[in-house]
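Notes to accompany the following structure.
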Amino acid sequence: MKSIILASQSPRRKQLLEWAEIKFSIVVANTKEQIPTDIPLTEVPIFIAREKAQVVQEKTNKASIIIAADTIVILENEILGKPKDRVEAINFLTKLSNKTHQVITGVVLLKSDKEIAFAETTLVEFHGLTLEQIEFYVDEYRPYDKAGAYAIQEWIGVVGIKKVVGDFYNVMGLPISRVVQELDKF
């Protein structure tokens, strides 16, 4: 297989590619992640992933396959991004408590002029969370680099998630089985 580059510094995406036994290198894409106001919320992660892939392609060999991804959490038509601080993280988790939300990961695979782009959606339902549980999680796990202020594979996922409909690994940040299928097309 050709050289593969992961355009991400996410330890979770790195881990998922390693679990799939894909050989890759990492090149971080520093993008502004400014979202145009005229695109539907569900297309935001593909837009951001495409931006990351293009930036990395400019820095590297065009013969490489670049994998870029972005994950968002949507609750009631609102994107809950990465919380800026403790207060916002607590606010996000309070909103998610006892509700179902969408986790959408946009993925772009880019090699030269060939692009494969797709989005995977997973529904996640939380149990009712107490303020004590939320504060414990935020203080112990500091989820400031995670969309929606949580990681499904951490304590909050083990005790707080009632149901997952769709790809579990998508919630971790990369629908890895679909990525492997799409890589085969190159």
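The values are calculated or read from the model by the stated rules, or taken from the named source; none is laboratory data. Only a predicted model underlies this, so the values are computations on that prediction, with no experimental measurement involved. Positions of Cβ are generated from backbone atoms using ideal geometry, with glycine treated the same way; all protein chains shown enter the neighbour counts.
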Next on the checklist: Every residue in the range 84-141 that is touching an Asp or Glu at 6+ places or on another chain (Cβ under 8 Å), under 30 Å from Ile65 (Cβ atoms) and of a type in the set (A, V, I, L, M, F, W, C), please.
Outcome noted: Ile104, Val107, Val108, Leu109, Ile116, Phe118, Ala119
Checklist outcome for this item: Those residues of the range 1-29 that are in contact (Cβ under 8 Å) with a residue 24 or more places away in the chain, more than 13 Å from Ser64 (Cβ to Cβ) and among the basic types (Lys, Arg) come to a total of 2
Item to check | Which listed residue, of Val87, Val55, Val107, is at pLDDT 95 or above and surrounded by fewer than 23 Cβ atoms within 10 Å (Cβ to Cβ) | outcome: Val87
Checklist entry - Any idea which residue in the range 110-146 is surrounded by the fewest Cβ atoms within 10 Å (Cβ to Cβ), counting only those that are aromatic (Phe, Trp, Tyr) and in a strand (DSSP E or B)? => result Phe118
Checklist entry - Can you name every residue in the range 41-52 that is of a type in the set (Val, Ile, Thr) and surrounded by fewer than 19 Cβ atoms within 10 Å (Cβ to Cβ)? => result Thr42
